[in-house]
Amino acid sequence: MKIVIVGPGAMGCLFTAFLSKSKEEVWLLDKNKENAARINEIGISLEGISGAWQAKPRVTANVQDIGKSDLVLICVKSFHTKQAVEQVKPLLQENTKIMTLQNGIGNIEIIAELVGEDKVIGGITNEGATLIDIGRIRHAGRGETIIGTLNGKAPVEIRSIREIFNKVGLQTKMSRDIKSLAWSKLIINVGINALTAITRLPNGKLIEFEGTKRILRDAVTEATRIAKRKRIKLIYDDPLAKVEAVCESTAANISSMLQDVLRKKHTEIDFINGVIVRLGQELGIAVPINKLLVDLVKTIESSYR
Ligand code: PAF
């Protein structure tokens, strides 16, 4: 199987490194020519929970180097998904699957609109990673990856992908309801990401202070109300308990949104709390805490200039 990972950020490097342990042909696509050349030369270095090790994938900035592929894993920020999918179109053939494990809501829809629903594999991952430098990451947390198709069926391609992921140590299973999965992960990101980006605290600290604990609870309650109105069944019974448990299990993590803010990068706020604000307006449900979180993160983004 020819596998292409798009995007050299923390998750892109993590999945590229693990998949490079397989006997499959693995490529990392980095749209920045200089960075691609650099990672090609030095490889990907990992430290952290899976130990200190190195991977030597094929890296390019040019899709023509890769040729037709079987699996394309989109690991760019959500606001670059459309551009990334346009870029990989030359790699697609009849049975190629495009997979997204990105945070937030909207990526599956963007990919499906560009290439058709039958090509999309959606899902979530509870692996955690931090980008330290070009091609250098810290593997910060281990967790399950869950994948599925939009129609809930499990064609042979997705079963092969699951097998490859499991063989290289990425614990992976399948779900028939990826919408429910995406929303279940969204609720976690709604509670953690913006609050850590604003306070600059690691995940675990959010539940140690009264103020952040209360804001986290209110943000999660608003998001859960929206999910309920949309008749989305979450994969856990008590969303707040789940988000607090994730804060504990990823206590030392610098959330992806805090990593973005620290590096003065555009965040995924529109695909996380922004989704709750938009749906709140559409459905006539008050979501003041999510609105406040969006306004504050956007203010931080504006202040970079
Ligand atoms: O975006 C992130 O950082 C992660 O999805 C999570 C679960 C919040 C852990 O840091």
Checking the conditions here, which among Lys205, Lys185 is in contact with a helix residue (DSSP H, G or I) (Cβ under 8 Å, 6 or more places away or on another chain) and surrounded by 15 or more Cβ atoms within 10 Å (Cβ to Cβ)? Lys205
Could you list, in sequence order, all residues of the stretch 83-119 that are acidic (Asp, Glu), farther than 27 Å from Trp183 by Cβ and not in a loop (DSSP other than H, G, I, E, B)? none
Would you point out which residue out of Thr224, Thr212 is of a type in the set (S, T, N, Q), surrounded by 17 or more Cβ atoms within 10 Å (Cβ to Cβ) and more than 23 Å from the chain's Cα centre (by Cα)? Thr212
Positions within the stretch 136-173 being part of a helix (DSSP H, G or I) and either of a type in the set (S, T, N, Q) or in contact with a Gly (Cβ under 9 Å, 6 or more places away or on another chain) (or both), in sequence order: Ile158, Ser160, Asn166
Counted residues in the stretch 131-181 being buried (at least 16 other Cβ atoms within 10 Å of the Cβ), closer than 21 Å to Leu258 by Cα and within 16 Å of the ligand (Cβ to nearest atom) come to 6
Could you list, in sequence order, all residues of the stretch 226-278 that are more than 11 Å from the ligand (Cβ to nearest atom), among the β-branched types (Val, Ile, Thr) and at pLDDT 95 or above? Ile226, Ile232, Val261, Ile269, Val275, Ile276, Val277
Which of the residues belonging to the stretch 46-79 are surrounded by fewer than 17 Cβ atoms within 10 Å (Cβ to Cβ) and hydroxyl-bearing (Ser, Thr, Tyr)? Ser50
Within the bounds of the stretch 288-300, is there any residue that is touching a residue at least 60 places away in the same chain (Cβ under 8 Å), assigned to a loop (DSSP other than H, G, I, E, B) and either within 19 Å of the chain's Cα centre (by Cα) or away from the ligand (no atom under 16 Å from the Cβ) (or both)? no
Cross-chain or 6+ apart pairs with Cβ under 8 Å, the stretch 21-32 first and in the same structural domain as Cys75 (by TED's automatic domain parsing) and farther than 10 Å from Val168 by Cβ, then hydrophobic (A, V, I, L, M, F, W, C) and part of a loop (DSSP other than H, G, I, E, B): Glu25/Met1; Trp27/Ile66; Leu29/Ala61; Leu29/Ile66; Asp30/Ala61; Lys31/Ala61; Asn32/Ala61
Can you name the residue in the stretch 249-278 that is free of Cβ contacts under 8 Å to residues at least 60 places away in the same chain and within 16 Å of Ile187 (Cα to Cα) and is also nearest to the chain's Cα centre (by Cα) among such residues? Gly274
Yes/no for Ala245 being closer than 30 Å to Trp53 by Cα, of a type in the set (A, V, I, L, M) and assigned to a helix (DSSP H, G or I): yes
For the list (1) more than 21 Å from Ile161 (Cα to Cα); (2) surrounded by 13 or more Cβ atoms within 10 Å (Cβ to Cβ); (3) acidic (Asp, Glu), I need the number of the one condition that Glu86 fails. (2)
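Looking at Glu222, Glu210 in this structure, which one is among the acidic types (Asp, Glu) and without any contact (Cβ under 8 Å) to a residue 12 or more places away in the chain? Break it down stepwise before answering.
On the way: Glu222 fails: without any contact (Cβ under 8 Å) to a residue 12 or more places away in the chain.
On inspection, the qualifying residue turns out to be Glu210.
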Count of residues meeting criterion [within 16 Å of Val275 (Cβ to Cβ) and either touching a Gly at 6+ places or on another chain (Cβ under 9 Å) or basic (Lys, Arg) (or both)] in the stretch 194-227: 6
Any residue that is assigned to a loop (DSSP other than H, G, I, E, B), under 21 Å from Ile121 (Cβ atoms) and hydrophobic (A, V, I, L, M, F, W, C) - is there at least one of those in the stretch 57-69? yes
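The values are calculated or read from the model by the stated rules, or taken from the named source; none is laboratory data. Predicted model, so just to flag it, every value in this text is computed and none were measured. Glycine also receives a Cβ, built like all others from the backbone with ideal geometry; neighbour counts cover every protein chain displayed.
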